[in-house]
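> Below is one structure. I have some questions about it.
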């Protein structure tokens, strides 16, 4: 199993400046200044790994970073961020395919904190520019978070993990293009749904085909969540009634 460095900043200060202070100061810099400071702000000795597995080499993380940088540059980095949202799908595919991590590893906030604060801070700053960045008092949840649904990179990996359509040989991540931002969030940010890939996939395919209005779509997701309390997902899949179950929930939401 591949394991990644983890970083969880603290308010403790052994060198005159805490991790949070360092990060707040970093965010206030220009994107190019952040890029030039990459890998040099935090003491790598404060990072840690899980006890079991093969520690990924920094060279492998750098390959991922360079591929993501290519995407950003093609979309105007560093001077323009007007097209930055278009990086989401491409970054999601890169992270999901090249990190080669398990769900268990991906569930650890420290893994993503290390990427955002140490390895790829300039990409976070470009994709999620801070408002009034000269007055940043604390980093947002795009940088540091225990909630992977909000983190700049974690959210992308989990979207790719939950909505990867391996039956589509041309582009297994095509649903990330076909669904709107709100629709993706509605599916992937609900714990009751996100625990089962096929469930997310069937919901996504239904929505891309039928294009329900947001209110109806969200109502359907609530119905699905409620009914999952009395239905066994594994049993629905074994008996071949999974898709029928989803269709009925959507039909009852209209």
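The values are calculated or read from the model by the stated rules, or taken from the named source; none is laboratory data. Just so it is clear, the structure is predicted and the values come from calculations on it, not from any experiment. Please note: Cβ atoms are built from the backbone with ideal geometry, for glycine as well, and neighbour counts cover all protein chains shown.
> Can you tell me which of (1) touching a residue at least 60 places away in the same chain (Cβ under 8 Å); (2) assigned to a loop (DSSP other than H, G, I, E, B) is the one residue 40 doesn't meet?
Of the numbered conditions (1) touching a residue at least 60 places away in the same chain (Cβ under 8 Å); (2) assigned to a loop (DSSP other than H, G, I, E, B), the odd one out for residue 40 is (1).
> Any residue that is assigned to a helix (DSSP H, G or I), within 28 Å of residue 86 (Cβ to Cβ) and over 22 Å from the mean Cα position of the chain (by Cα) - is there at least one of those in the range 223-244?
Scanning the range 223-244 turns up no residue that is assigned to a helix (DSSP H, G or I), within 28 Å of residue 86 (Cβ to Cβ) and over 22 Å from the mean Cα position of the chain (by Cα).
> Of everything in the range 86-118, what is under 24 Å from residue 138 (Cα atoms) and without any contact (Cβ under 8 Å) to a residue 40 or more places away in the chain? Give them in sequence order.
116
> Step by step: first the residues of the range 1-19, then only those that are within 22 Å of the chain's Cα centre (by Cα) and outside any strand (DSSP E or B), then the one that is farthest from residue 72 (Cα to Cα). Which residue is that?
Of the range 1-19, the ones within 22 Å of the chain's Cα centre (by Cα) are 1-9.
With the extra rule that they be outside any strand (DSSP E or B), the set shrinks to 1, 4-5, 7-9.
Numbers: 1: 29, 4: 23, 5: 24, 7: 24, 8: 26, 9: 27 Å.
Looking at the filtered set, the residue picked out is 1.
> Would you call residue 43 at pLDDT below 95, surrounded by 18 or more Cβ atoms within 10 Å (Cβ to Cβ) and closer than 11 Å to residue 118 by Cβ?
Taking the combined requirement at face value, the residue does not satisfy it.
> A further question follows. Is there a residue being loosely packed, with under 15 Cβ neighbours inside 10 Å and under 30 Å from residue 175 (Cα atoms) anywhere in the range 15-36?
no
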